[in-house]
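Heads up: the structure comes next, in structure tokens.
Bear in mind these aren't lab numbers, they're just calculated from the coordinates by the rules spelled out. Note that the structure is a prediction, hence the values are computed from the model and not measured. Here the Cβ positions follow ideal geometry from the backbone for every residue, glycine too, while neighbour counts run over all protein chains shown.
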Amino acid sequence: PFVGENLRMTEIAGAIAEVQVRKLPALLERQRANQRRVLARLGDLGVGTAHSAGSAGSLRFRRLPDPAGDGGSSVNFFTPDEVSARRFVKALRAERIPAGQLYNGKPVYLTPSIVAKRTVSGKGGPWNCAEHPTSAEYGPGLCPRTEELVARSVIVPIGAAYTETDCDDVAIGIAKVASALL
């Protein structure tokens, strides 16, 4: 992998996107409703309120500074440490609940292609740019708080097509794993 891939849309993809974007408001509302249902059900199960920065047992839900602007695509929380986050994700998947960690538990700047400054041309741009010289280096310790949060993050995707039963099952699974592991 390298930095600087060309991911521009073709005209045909743009035409399809123009039609699809009209469906976006209804899709977002359904997704947000499903997220609200999962979060409410977690509260009913004693896991806590997910839109606060407060902890629920040993889970700490991501604070949403603008809940109305959130797309509702996931429920995000933090476990006490990196090891428990990995175990939590593994246990959720065993319960057939999709789960992962934000950027696989590492901040974007620790992506190997960024650390190595690998680019499509092999010339090292933008890092070796004559017009904008830089001595930027990326590696562990650059943003320690970010590294700590990302390492203990857990993300559970919430789909727009989820049924009420699907949402309830997700909440029950999260609560089950939390009570078993934390």
Fill in the blank from the handout: Only helices counted: for the chain, with every DSSP H run of 4 or more residues adding -39500 (n - 2.57) and the sum spread over all residues, [θ] at 222 nm is -12500 deg cm²/dmol
Completion exercise
Expressed in µm² per second, the diffusion coefficient of the range 71-119 from the Stokes-Einstein equation, with Rh the Kirkwood radius over alpha carbon pairs, at 20 °C and 1.002 mPa s, is 170
Problem - Counting all C-alpha pairs of the chain, share separated by more than 31 Å (%) - result: 33
Exercise for the section: Take K23, project a point 7 Å from its Cα along the Cβ direction, then tell me which residues of the range 127-163 have their backbone nitrogen under 14 Å from it. Expected result: 160-162
Exercise for the section: Given the peptides 70-80, 144-154, arrange them by the average over their residues of other C-beta atoms within 10 Å, most packed first. Expected result: 70-80, 144-154
